[in-house]
Every structure is written in C-alpha cells, then in structure tokens.
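Remarks on the structure that follows.
The values are calculated or read from the model by the stated rules, or taken from the named source; none is laboratory data. In this text the structure is predicted, and so the values were computed from the model without any measurement. Heads up, the Cβs are rebuilt from the backbone with ideal geometry, glycines too, and the neighbour counts pull from every protein chain shown.
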Amino acid sequence: MPDALFFNGRFTTTAERVLGVEDRGFQFGDGVYEVFKFVSRTPKFLAEHFGRLDDGLREIEIPNPWPGVGSFAATMRELLERTEFDDGIVYLQVTRGEAERAHFWPDNMTPTVVAYSRRFNFPDAAKKERGIRVITAPDLRWKHCDVKSVNLLGNAIAKKKAQRAGADEAVLIEEGIVREGAGSSFFAVIDGRVITHPLDEHILPGVVRDRVIDLAIAAKIRVDERPLREAELFTLVEAFITSTTQGVMPVAEIDGRIIGNSRRGEVTTELQRRFDELERALQ
C-alpha cells in the first residue's frame, strides 16, 4: 500500500468501496478478468493480455470498454504510475454491469470496469529450481474454459484441495484426460517432446503458454498439442506448469510421486531460461 484502483474511468485506491450489490459480476459471475505482471512498473505481455480480454468479452457479448490496445495500455500505465511500489500484478475485471437482479440482462448495459495493483512475491531462483508439488483433481468447471471468466468456483475448490494436501497446484482431470492446472497451463515432457493440451473449449489460452510453445519451437524442441492421458502422468520424468505469476515452474511431485528424482529437467531448465530472458527484455 498504497496501491492504485481504476474504476469506471477514474482513479482511486482499493480503500474506497466502489462495487454495487447488484453488479452482475458479483451476483452471476457475469464477466471476465485478466492478471498481468509488472516489474519496475513495466507491464509484461500487455498486448497479449488485452487480446485475450477482448476475445473473452466478445464471446460473452460484453462490449470492451477500451477501443484498442493503445487506450488500454495508456490506462494501465497511468495505473502503474500511481502505484507506489515497483513490482507486482494488476488484476482487472470487466463485468456486464449493474441492473436489477434477473437471469436475463437488459440490452445496452454499461460494463463495470475495475483494475488495481497489488504487491506479489514472485518465485526466487531456489523455488524455480526446486519446483512445486501438485495433486490431481476432477475438473468441475463450466464447459467454456477458453473464456477467462470470473466464475472460478471449480478452480477455487481444486486449489483448496491442493492446499490441504500440502501441494501448490491442482492438475484438472476430465474423463481420463489432463486438461490444465487450476491456475496454470500444464506441460509434460516425454522422450524430449513437450506435450500440452490443444487449444479448445477445455482450456484457457495462456499468455505464457503460447510464448513458451514459441520458444520451444525456436529451440528445435518438438511440441505436440494433444490430449495427455491421466495414466501418462505416472510415467513422467519431467513436467512443468506456466502462468503469469509463476513463469515456467518445474513440477517436482504429482500425487506424492516424485518426478525426475526431484531434479529440474533439462527441457524445463532450457525453456525456463529462455522465457526469463524474453520477459526481462520486455520494456
């Protein structure tokens, strides 16, 4: 603190309570969100986050409050200028707006727009080498996971299950297929090939996921975007997750089974190095 808050066209801080009780985001989860990282008040992959936000809003028929990436970037940069710390995340959310509670919504609603900065402790070098523990959990989410919806109850239940098991993340399974993490994209490495779920309605198009795939291809590491069977998890010697806050993070353990003798794998190490260099180069 102090952080900065952008709400419906004006700047304040999160000390001010601004949301109406009949906002559809609050009552129906009727909205989408984004989270981006900033270092030295420099946002990372801002255009990519705007693109995903725009896609999600269009999919659920909410008008984008920003006409293009330029105006979006200007708002976010002013938000960071008003923030009194250098490193952290920005959470932003666009809901359909406020109206009398009913399942159907009135036409021509005005969206509610919220964005605010928060401090965040990003993984240090030791954590990035040590990796994380994950568990598997059933995928309880809605059937439109390519939209970054504020409906996160299924994700939250899986995350809490992981926490209670002493793990850092939950890998979601549906009908014997590995989808993704509750808050991340999941990658397996099999025979030197990187395996991850294809882009469809079952997973979120991750900003870091896409960059890592590009980096793997540039490094001549084969990438197979195909469904990974749950049974394949028990034979893995290397796996990792990707996300805005974790970057490329090795998976050291799945459901209590050690992966790769608790050592970060060679492919993960190389992609982690390349991604960190890419992120540092962003201005």
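Yes/no per residue for (1) outside the structural domain of ASP86 (by TED's automatic domain parsing); (2) touching a residue at least 24 places away in the same chain (Cβ under 8 Å); (3) in a strand (DSSP E or B); (4) closer than 21 Å to LEU53 by Cβ:
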{"residue": "CYS145", "(1), (2), (3), (4)": "yes, yes, no, yes"}
{"residue": "ALA158", "(1), (2), (3), (4)": "yes, yes, no, no"}
{"residue": "ILE173", "(1), (2), (3), (4)": "yes, yes, yes, no"}
{"residue": "LEU199", "(1), (2), (3), (4)": "yes, yes, no, yes"}
{"residue": "ILE217", "(1), (2), (3), (4)": "yes, no, no, no"}
(message) Can you tell me how many residues within region 115-143 are assigned to a helix (DSSP H, G or I) and buried (at least 17 other Cβ atoms within 10 Å of the Cβ)?
(response) 1
(request) Those residues that are buried (at least 18 other Cβ atoms within 10 Å of the Cβ) and either part of a helix (DSSP H, G or I) or hydroxyl-bearing (Ser, Thr, Tyr) (or both), I need them from region 224-244; list them, please. (result) LEU233, THR242, SER243, THR244
(message) For region 263-283, give me the residue count where each residue is of a type outside the set (Val, Ile, Thr) and in contact with a Gly (Cβ under 8 Å, 6 or more places away or on another chain).
(response) 5
(message) Of everything in region 1-40, what is among the β-branched types (Val, Ile, Thr) and either in a loop (DSSP other than H, G, I, E, B) or within 24 Å of GLU59 (Cβ to Cβ) (or both)? Give them in sequence order.
(response) THR13, THR14, VAL18, VAL21, VAL32, VAL35
(message) It is to be established whether one or more residues within region 23-33 are within 20 Å of THR245 (Cα to Cα) and at pLDDT 95 or above.
(response) yes
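For (1) free of Cβ contacts under 8 Å to residues at least 12 places away in the same chain; (2) exposed (fewer than 15 other Cβ atoms within 10 Å of the Cβ); (3) of a type in the set (D, E, K, R); (4) out of contact with any Lys or Arg (no Cβ under 9 Å at 6 or more places or on another chain), each residue gets a yes or a no:
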| site | (1), (2), (3), (4) |
| --- | --- |
| SER184 | no, no, no, no |
| VAL189 | no, no, no, yes |
| GLY192 | no, yes, no, no |
| ARG222 | no, yes, yes, no |
| GLN246 | no, no, no, no |
| ARG263 | yes, no, yes, yes |
| GLU270 | no, no, yes, yes |
| PHE275 | no, no, no, no |
(message) Just checking, does region 20-35 include any residue being farther than 30 Å from GLU100 by Cα, touching a residue at least 12 places away in the same chain (Cβ under 8 Å) and of a type in the set (A, V, I, L, M)?
(response) no
(message) Which pairs turn up if I take residues in region 57-81 that are in contact (Cβ under 8 Å) with a residue 60 or more places away in the chain and look for partners that are in a loop (DSSP other than H, G, I, E, B) with beta carbon separation below 6 Å, at least 6 apart in sequence or on another chain?
(response) GLU59/VAL147; LEU79/ALA4; LEU80/ARG41
(message) With the structure loaded, tell me whether ILE213 is at pLDDT 95 or above, in a helix (DSSP H, G or I) and surrounded by fewer than 16 Cβ atoms within 10 Å (Cβ to Cβ) or whether it fails that test.
(response) no
(message) Between ARG58, ARG17, which is modelled with pLDDT of 95 or more and exposed (fewer than 14 other Cβ atoms within 10 Å of the Cβ)?
(response) ARG58
(request) Could you please let me know if THR95 is surrounded by fewer than 20 Cβ atoms within 10 Å (Cβ to Cβ) and among the polar types (S, T, N, Q)? (result) no
(message) Take ARG280 and tell me if it is in contact with a helix residue (DSSP H, G or I) (Cβ under 7 Å, 6 or more places away or on another chain) and either within 30 Å of PHE50 (Cβ to Cβ) or not in a loop (DSSP other than H, G, I, E, B) (or both).
(response) no
(request) Those residues that are assigned to a helix (DSSP H, G or I) and surrounded by fewer than 20 Cβ atoms within 10 Å (Cβ to Cβ), I need them from region 201-210; list them, please. (result) ASP210
